[in-house]
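Novice: Structure provided below as structure tokens; questions to follow.
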Amino acid sequence: MSQQLDKDKELHRTEAFGRSKMKSKEGLARQLTYTLRAFIHDSRSVGLLLIVCTLISLMISNSGAAISQSYMDVWQRDIPFLTAVASKYGLHLPESPIHLINDFLMAIFFFMAGMEIKRELIKGELSSPKKAGLPVIAAISGVALPAVLFLLLNRGTDFGHGWGIPTATDIAFSLGVAALLGPKVPYSLKVFLTALAIIDDLCAILIIALFYGGQIAGLWLGIAAACLPLLWMTGKYLKGYFKQTLRILLAMILWYSVLQSGIHPTIAGILFAFMIPTGELAIFEKKVHVPVNFIIIPLFALANTCILLPASWSSVFTSTLSWGILLGLFIGKPLGIGLICFMVIRAGWFKLPKGCTWKQFIGIGILAGIGFTMSIFVTTLAYSDPAFQADAKIAVLLASSLAMVVGFIWLYSTGKKKPALSE
């Protein structure tokens, strides 16, 4: 009997240990899930991930000739499946990983950007002239002055076509740095930066559509235009599985038509976004948030920062291309934003965002000079020469890093300190 009791006790101990181990595993899984969710929804995460991807790409690209060449070949080599499909059906498709990312996946990125713009226009910070006025004026001036500075240095040269490079602001990076500063940046100023970056994105989209496409093919442009009302009606009147299937099919036709029309295919993402009914914006944004921010943008950073850093930096700092980008992003952006806003606020047309000082406002202008992904993207459209692309990308990385570090230090030193508990 005693032996049976001992066996029962041992069995209970084993079961208890097993249950404890299972609970421990469940607790660990729950903690990992919570940590992952917190990381995904933290506005700083995308910026940090982009920095890591860029550093990894630069390190591999500069790890010796054999490794560097193999890494670059990964992005440039044709994908057999896409090549076979294009050949069999006579289609013009992006056939290498880098073209697939830049032409197709980035259209999904612009789809998300388009939904953000539409939401802000309908019920956000751009929904009324009073709300939108200051960030609209700031964004336009922040696009114009960098372009002017670049053209002053590069007018009449082979570099002149790259004037759109220093006009862009990387919304993920700039907002990520502002988020890192926490309460030192007033909420109203973060809202202003968000609105500014969204309008800047819209300006970049217009610049790409108008100045960085190919020769316009009227028939394909007409097909793309015909897709828009069909997408709108599909979203408004249809339901269920058929609605989603038809919507995806029309979106693909829209993308391919824009690709064939001579306009850059990423514009299809914006057009599709504006055809999404207002009530569905939040649903779609939630669906694309993770794949865009944690797959597409990191892939873009890895593929487009395969840059062989020069043995001597003298060529970088003696090139008007590099100086046009450096001055445009680091000087032109904050100066353009700051000067125009100072004039219209002093004239009494608008007011500074609530709770912020002029010093903090200048700091936001500096952060707007973080061009990074958007500037690199425009670089790939502006130049076909690999040497021009490499010099421009290095200048973008330098200018963006400078704007990020100086902007962070500036806002940290000018931000309001947290009051003590006794106060």
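Novice: Condition (residue is in a helix (DSSP H, G or I), more than 20 Å from the chain's Cα centre (by Cα), within 30 Å of LYS351 (Cβ to Cβ) and charged (D, E, K, R)) applied to region 105-122: is it met by at least one residue?
Specialist: no
Novice: Could you please tell me which pairs satisfy a Cβ distance under 7 Å, a separation of 6+ or placement on different chains, a first residue in region 93-114 that is closer than 21 Å to LEU231 by Cα and modelled with pLDDT of 90 or more, and a second residue that is hydroxyl-bearing (Ser, Thr, Tyr) and surrounded by 19 or more Cβ atoms within 10 Å (Cβ to Cβ)?
Specialist: Partner pairs satisfying both residue conditions: MET106/THR266; ALA107/THR266.
Novice: Return a yes/no flag: does region 331-346 have any residue that is β-branched (Val, Ile, Thr), touching an Asp or Glu at 6+ places or on another chain (Cβ under 9 Å) and assigned to a helix (DSSP H, G or I).
Specialist: No, the conditions are met nowhere in region 331-346.
Novice: Further, regarding this structure: With LEU193, LEU238 as the choices, which residue is in contact with a helix residue (DSSP H, G or I) (Cβ under 7 Å, 6 or more places away or on another chain), under 26 Å from LYS123 (Cβ atoms) and surrounded by fewer than 16 Cβ atoms within 10 Å (Cβ to Cβ)? Before you say what the answer is, go through the steps one by one.
Specialist: Values: LEU193 fails: surrounded by fewer than 16 Cβ atoms within 10 Å (Cβ to Cβ).
Residue meeting the stated conditions: LEU238.
Novice: Can you tell me which residues in region 169-187 are at pLDDT below 90 and in a loop (DSSP other than H, G, I, E, B)?
Specialist: Selection gives ASP170, LEU181, VAL185, PRO186.
Novice: Please verify whether ALA144 is surrounded by fewer than 19 Cβ atoms within 10 Å (Cβ to Cβ) and more than 21 Å from CYS341 (Cα to Cα), treating the condition exactly as stated.
Specialist: No, not satisfied.
Novice: Could I ask something else about it? Can you confirm whether LYS333 is farther than 16 Å from LEU151 by Cα and out of contact with any Cys (no Cβ under 7 Å at 6 or more places or on another chain)? Spell out how you get there, then give the answer.
Specialist: Details: farther than 16 Å from LEU151 by Cα: no; out of contact with any Cys (no Cβ under 7 Å at 6 or more places or on another chain): yes.
Spelling it out, it is not the case that LYS333 is farther than 16 Å from LEU151 by Cα and out of contact with any Cys (no Cβ under 7 Å at 6 or more places or on another chain).
Conditions (1) in contact with a strand residue (DSSP E or B) (Cβ under 8 Å, 6 or more places away or on another chain); (2) assigned to a helix (DSSP H, G or I); (3) surrounded by 22 or more Cβ atoms within 10 Å (Cβ to Cβ); (4) touching a residue at least 40 places away in the same chain (Cβ under 8 Å), marked per residue:
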residue: ILE137; (1), (2), (3), (4): no, yes, no, yes
residue: THR157; (1), (2), (3), (4): no, no, no, yes
residue: PRO166; (1), (2), (3), (4): no, yes, yes, yes
residue: LEU189; (1), (2), (3), (4): no, yes, yes, yes
residue: ILE198; (1), (2), (3), (4): no, yes, yes, yes
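Novice: Applying the selection to region 34-59, what residues are touching a Phe, Trp or Tyr at 6+ places or on another chain (Cβ under 9 Å) and at pLDDT 90 or above?
Specialist: Answer for region 34-59, where residues must be touching a Phe, Trp or Tyr at 6+ places or on another chain (Cβ under 9 Å) and at pLDDT 90 or above: CYS53, SER57.
Novice: Let me ask another. Tell me, please, whether a residue that is in contact (Cβ under 8 Å) with a residue 40 or more places away in the chain and surrounded by fewer than 18 Cβ atoms within 10 Å (Cβ to Cβ) can be found in region 359-380.
Specialist: There is at least one residue in region 359-380 that is in contact (Cβ under 8 Å) with a residue 40 or more places away in the chain and surrounded by fewer than 18 Cβ atoms within 10 Å (Cβ to Cβ).
Novice: Now for a different question. Is it the case that region 378-389 has a residue that's touching a helix residue (DSSP H, G or I) at 6+ places or on another chain (Cβ under 9 Å), acidic (Asp, Glu) and either under 29 Å from GLY64 (Cβ atoms) or in a helix (DSSP H, G or I) (or both)?
Specialist: no
Novice: A follow-up question, please. I'm trying to understand the selection: among the residues of region 299-356, which are surrounded by 15 or more Cβ atoms within 10 Å (Cβ to Cβ) and small (Gly, Ala, Ser)?
Specialist: ALA301, ALA303, SER319, SER322, GLY324, GLY328, GLY332, GLY336, GLY338 - these are the residues of region 299-356 that are surrounded by 15 or more Cβ atoms within 10 Å (Cβ to Cβ) and small (Gly, Ala, Ser).
Novice: Having 2 or more residues that are closer than 17 Å to ILE376 by Cβ is the bar; report the helices (runs of 4 or more DSSP H) wholly within region 45-103 that clear it.
Specialist: Counting at least 2 such residues, we get 45-61, 65-76.
Novice: Identify all residues within region 344-391 that are within 21 Å of LYS131 (Cα to Cα) and among the basic types (Lys, Arg); write none if there are none.
Specialist: ARG346, LYS351, LYS354
Novice: Where residues in region 62-92 are in contact (Cβ under 8 Å) with a residue 40 or more places away in the chain and among the hydroxyl-bearing types (Ser, Thr, Tyr), which of them is farthest from LEU308 (Cα to Cα)?
Specialist: Going through the qualifying residues, I end up with TYR71.
Novice: While we're here: Of the residues ILE165, ILE216, ILE207, ILE223, only one is within 21 Å of ILE51 (Cα to Cα), of a type in the set (Val, Ile, Thr) and touching a helix residue (DSSP H, G or I) at 6+ places or on another chain (Cβ under 9 Å); which? Steps first, answer last, please.
Specialist: Working: ILE216 fails: within 21 Å of ILE51 (Cα to Cα); ILE207 fails: within 21 Å of ILE51 (Cα to Cα); ILE223 fails: within 21 Å of ILE51 (Cα to Cα).
That would be ILE165, the only listed residue that is within 21 Å of ILE51 (Cα to Cα), of a type in the set (Val, Ile, Thr) and touching a helix residue (DSSP H, G or I) at 6+ places or on another chain (Cβ under 9 Å).
The values are calculated or read from the model by the stated rules, or taken from the named source; none is laboratory data. These numbers come from a predicted model, not from an experiment. All Cβ positions, even for glycine, are placed from backbone atoms using ideal geometry, and neighbour counts span all protein chains on display.
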